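For reference, the structure is listed below as structure tokens.
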């Protein structure tokens, strides 16, 4: 039978050991999540096809070809030899700074009974692959063959959203090549009846592979969680664990993430993720805060929300005849305002596009409108930009039906603003990133739209016609900005309370905010408080108390600085539900140390020097 299942593209060794071959155990019809293990039952149209590996059109005749396979990890046996990592990296010809499979660990106890639990993890080829649904380019496919979730780097344009949504850090963003790639389940070996390279190379019998919900020989457990493994409820991963050796009540991570794992005494089984106080001092870290990899997202979200807020207020004022704002379109401020909105939004879009690993493939961002919030956000913002351009153009030229075309463009832009802003918020509601997965993200984004949009309208009008001619506008926009800033302030208060209460990665992010970036955080809070008082005074004052150029400029500068620091904290603080790293490998603290000291210049450290 083995000769029949071996396609031409994979040449089996003459002395292939028995432990490297796929087992043929009887499997149940359903897994523990109620999903069919026999994928041909639900997707018969996908069966009987070649995987076309290396151009080979042959089809394996393995009897379990259309059953969901997965990894089996016996934590009792793992000795952290990293043979699985090495075999995977060698087979896939990976650079030193990337690994599809990584071995991390958690540890606990006290001398002489100090215990370490090793965890080997790669892609879990989940029943509900959030990477597939999140990817805007449709670079991911879940195959009926073995249930493998495969990713095509040639389709990917390097946005990295799949790395955000995956709870297990499986997709790897290659900063040099500009795209993502990941574990492919070694489907070429499976077609030949062999286990993946990592499972075949395991020295201690800790890592195994086969049809999911089947138990290898001499094993006794099919658990779905061990300490350090994120909840399987997010994706229903196809991995099962054995861990029978007694562990201390508390386990900690060796990496820089301030987390620990505490036995759940109520249930008697499993561990709960808790905050670990690492006795960190309060610091500024402004340079690190303002030079993160996500600076393009800071520029894009702030600029697009600013312009959306300004336009929506302007257009609705026109529709309902609110003279305080609608008169802007009849005065000298019209051309600078329309040009300014297009310029600010264009700047944000360019920054976001250049952030992609492969910017020239930006058009692929529309490919997954069915599932991906990123595709829907891109569609909404593109619709808004198009409508705004039409609205601006036909407001500036005199042609027959120009006013009607301008209004049509305005309605298109309004629809785009609603769609774009909604999915801009939805794409950050990620279960794998608890710090973002909170309604405060909405108050930050939409409150920022009101505050920054009001600031943009006021700034351009005052520059063109002077503050003395804009008494009523300043007072009205101060009220709008006060509402927006109040939304943000309320969101921050509830967000901090909820993060501390829920514990885990959200509490760890909050801990970093009040320690590693503590002084920057207090600066943001101080500026936000000043803004609230100043905007309140402006909104409630009589028109004669219009601020002069100096005080008005200081207030606008304070609002913008608050927005930038707040948004930078939003991105730099998030701690995902990733697997534990090791003292060196996949350790954020070591990576930062390596870049600061020059160790990253040595390829063997596995850290890219330029993040």
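The values are calculated or read from the model by the stated rules, or taken from the named source; none is laboratory data. In this text, all values refer to a predicted model and were calculated from it rather than measured experimentally. Cβ sites come from the backbone with ideal geometry, for glycine too, and all protein chains shown count toward neighbours.
If the condition is being in a loop (DSSP other than H, G, I, E, B) and closer than 28 Å to residue 129 by Cα, then the range 236-246 contributes 236, 237, 238, 243. When the helices (runs of 4 or more DSSP H) confined to the range 404-522 are screened for residues that are surrounded by fewer than 18 Cβ atoms within 10 Å (Cβ to Cβ) and free of Cβ contacts under 8 Å to residues at least 40 places away in the same chain, those reaching at least 2 such residues are found at 471-502.
Within the range 556-566, the set of residues being over 17 Å from residue 284 (Cβ atoms) and surrounded by 22 or more Cβ atoms within 10 Å (Cβ to Cβ) comprises 559, 563. When residue 279 is tested against the conditions (1) touching a residue at least 24 places away in the same chain (Cβ under 8 Å); (2) surrounded by fewer than 17 Cβ atoms within 10 Å (Cβ to Cβ); (3) not assigned by TED's automatic domain parsing to the domain that holds residue 504, the lone failure is (1).
Between 531, 587, 548, the distinction of being at pLDDT below 95 and surrounded by 14 or more Cβ atoms within 10 Å (Cβ to Cβ) belongs to 587 only. Only one of the numbered conditions (1) in contact with a helix residue (DSSP H, G or I) (Cβ under 7 Å, 6 or more places away or on another chain); (2) modelled with pLDDT under 95 is not met by residue 401, and that is (1).
For beta carbons closer than 7 Å, sequence separation of 6+ or different chains, a first residue in the range 586-611 that is under 21 Å from residue 86 (Cα atoms) and a second that is surrounded by 15 or more Cβ atoms within 10 Å (Cβ to Cβ) and modelled with pLDDT under 90, the qualifying pairs are 590/584; 606/585.
Quick grid of which residues meet (1) in contact with a helix residue (DSSP H, G or I) (Cβ under 9 Å, 6 or more places away or on another chain); (2) touching a residue at least 12 places away in the same chain (Cβ under 8 Å); (3) not in a loop (DSSP other than H, G, I, E, B):
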{"site": "184", "(1), (2), (3)": "yes, yes, no"}
{"site": "189", "(1), (2), (3)": "yes, yes, yes"}
{"site": "231", "(1), (2), (3)": "no, yes, no"}
{"site": "234", "(1), (2), (3)": "yes, yes, no"}
{"site": "248", "(1), (2), (3)": "no, yes, no"}
{"site": "255", "(1), (2), (3)": "yes, yes, no"}
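Inclusion of residue 306 among residues that are surrounded by 15 or more Cβ atoms within 10 Å (Cβ to Cβ) and in a strand (DSSP E or B) is not warranted. Of everything in the range 27-57 that is touching a strand residue (DSSP E or B) at 6+ places or on another chain (Cβ under 8 Å) and assigned to a strand (DSSP E or B), the residue that is nearest to residue 68 (Cα to Cα) is 38.
Scanning the range 95-110 for residues that are surrounded by fewer than 16 Cβ atoms within 10 Å (Cβ to Cβ) and not in a strand (DSSP E or B) yields 95, 96. Restricting 113, 92, 124, 77 to those that are surrounded by fewer than 22 Cβ atoms within 10 Å (Cβ to Cβ) and within 30 Å of the chain's Cα centre (by Cα) reduces the list to 92. The residues of the range 201-211 that are in contact with a strand residue (DSSP E or B) (Cβ under 7 Å, 6 or more places away or on another chain) and either not in a loop (DSSP other than H, G, I, E, B) or not assigned by TED's automatic domain parsing to the domain that holds residue 120 (or both), listed by number, are 207, 208, 209, 210, 211.
When 224, 163, 214 are checked against the criterion of being assigned by TED's automatic domain parsing to the domain that holds residue 18 and without any contact (Cβ under 8 Å) to a residue 40 or more places away in the chain, a single residue qualifies: 163. The single condition among (1) in a strand (DSSP E or B); (2) over 30 Å from residue 498 (Cα atoms) that residue 261 does not satisfy is (2).
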